[in-house]
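S.K.: Can you read through this structure? Questions will come right after.
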Amino acid sequence: MTPCPSPQSMGDNAPMPDTKAPSGRPPGPKAVACSPDAVLAWYQRLGFSSHTEAGQAIGVSRHTFLRYLDSGAPLMAALAMAAVEADVKPLGV
């Protein structure tokens, strides 16, 4: 499993990591795109004071964030984590 891409490791035209399932189709919404170790590293790097705060930053509950720490995060969460780290604001805000 590859770690989550960080904003620094991806250039403007960097190819996305291969996230296809063994069947050749894109993974389902629950497929893990980011390892538990990478989620923990992100949490520590950004200096969150609680799991609740980290979850709120990416739009999930504390319980869901704890699951990411245990089992890894799906692609949408990994993208949200990269956006938070890069200080990307939502569209229209």
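S.K.: Just subtract the alpha-carbon distance of residue 56 and residue 89 from 0.36 nm times their residue separation and send over the number in nm, one decimal.
M.R.: Here the segment from residue 56 to residue 89 would lengthen by 10.5 nm.
S.K.: Roughly how many Å² of residue 70 are accessible to a 1.4 Å probe, to the nearest 10?
M.R.: Here the residue's solvent-accessible area equals roughly 120 Å².
S.K.: From the protein chains alone at 1.4 Å, what is the descending order of accessible area for 66, 91, 79, largest first?
M.R.: 91, 79, 66
S.K.: Could you sort 76, 81 by their accessible area in this structure, using a 1.4 Å probe and putting the largest first?
M.R.: Ranked list, largest accessible area first: 76, 81.
S.K.: Hey, another quick one. With every protein chain kept in the model, how would you rank 63, 51 by accessible area, 1.4 Å probe, largest at the top?
M.R.: Per-residue accessible area, sorted high to low, gives 63, 51.
S.K.: OK, next. So for region 34-93, what percent of the C-alpha to C-alpha distances run longer than 14 Å?
M.R.: Considering region 34-93, 50 percent of its Cα-Cα pairs are separated by more than 14 Å.
The values are calculated or read from the model by the stated rules, or taken from the named source; none is laboratory data. All of these numbers come straight from a predicted model, not from anything done at the bench. Each accessible area value is taken on the protein alone, full model and side chains, heavy atoms only, with ligands, DNA and RNA left out. Shrake-Rupley method; radii C 1.70, N 1.55, O 1.52, S 1.80 Å.
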